[in-house]
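Read through the structure below, which is laid out as structure tokens, and then see the notes.
Rule-based calculations on the coordinates, nothing more; no lab input. These numbers come from a predicted model, not from an experiment. For neighbour counting, all protein chains shown are included, and Cβ atoms are generated from backbone atoms with ideal geometry for every residue, glycine included.
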Amino acid sequence: MEKFVITIARGYGSGGRTIGIRLSERLGVEFYDRDLIRLASDESGINEALFGESDEKTKGLFTKRSVYKGEVITPDKKSFTGEENLFNYQAKVIKKLADEKSCIIVGRCADYVLKDYKNVVRVFVYADLENCVKNVADVKGILDRKEALKKISTIDKERAAYYKSHTGRDWIDARNYDLCLNSGDLGFDKCVDIIADYLKIKLGG
């Protein structure tokens, strides 16, 4: 099979990260999530903590000006460490990884950043609220239902706003993706099976 990238956007509590990890083990390729923050910090020289503060969050409302165009802002500019440029450097790292190797990338609008790449499978993972609450309890240890619901709502809103800000698109629009999978109905392992099978169908091998 030719070199490929699988991007996974995911609702909080849907298990998208877990699916990505299992998929990386199945396919024998590297998995990237928060590692992208460290790599972007290394690439730019900007403090890693600044990347962490804006990771899949946005402080401002969507403006057309902030939609990702592929450039980075140079260190001599005042906005070098601004939210837009932090995203630009993460995008630069995502493109570099896609050029160099097969891998799986979770979040960070990777589906949009790589929208012109032909060897990419773009996945969105979601689940019903009850399954999300259960997964948040199992993985994050948040046992109080109200707290779990608040966490799910807050993070999903942050991810949607972040995606809109940097892409101009709606995060949950199925047209952004090749596959939209309900992990609550399918379970994690079947999601892995479906993505792996689709990869073969799309790219061969």
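For the range 2-116, the Kirkwood radius over C-alpha pairs fed into Stokes-Einstein at 10 °C and 1.306 mPa s yields D = 107 µm² per second.
Distance between the pseudo-spin-label points of residue 49 and residue 203 (7 Å out from Cα toward the beta carbon): 3.8 nm. GNM on the chain, alpha-carbon springs under 10 angstrom: the most fluctuating residue among 13, 184, 45 is 45.
Taking a threshold of 31 Å on the Cα-Cα distance, which of the pairs 140/190; 118/146; 101/146; 69/190; 118/151; 101/150 fall above it? The pairs that break the limit, which is 31 Å between Cα atoms, are 118/146; 101/146; 69/190; 118/151; 101/150.
One Cα centroid belongs to the range 159-186, the other to the range 39-60; the line between them spans 22 Å. Note on the chain: dipole from Cβ charges, positive end direction compared against 36, 204, 168; the farthest Cα belongs to 168. About its Cα centre, the dipole of the range 5-197 is roughly 540 debye, where the only charges are +1 on Lys and Arg Cβ and -1 on Asp and Glu Cβ. Across every direction, the projection of the convex hull enclosing the Cα atoms of the chain has a mean area of 11.3 nm². Multiplying the residue separation of residue 194 and residue 76 by 0.36 nm and removing their Cα-Cα distance gives an extension gain of 37.8 nm. Say we join alpha carbon atoms closer than 10 Å with springs in a Gaussian network model of the chain; which of 58, 154, 81 then has the biggest fluctuation? Answer for the Gaussian network model of the chain: 154.
Summarising the label geometry, the points placed 7 Å from Cα in the beta-carbon direction at residue 117 and residue 35 lie 1.3 nm from one another.
Work from the charge dipole of the range 111-199 (Cβ charges, +1 for Lys and Arg, -1 for Asp and Glu, about the Cα centre) and give the residue of 137, 149, 184 farthest towards its positive end. So the residue furthest toward the plus end is 149.
3J(HN,Hα) along the range 75-83, derived from phi through the Karplus expression 6.51 cos²θ - 1.76 cosθ + 1.60 where θ = phi - 60°, amounts to x, 6, 8, 4, 8, 4, 9, x, 4 Hz, with x in place of Gly and Pro.
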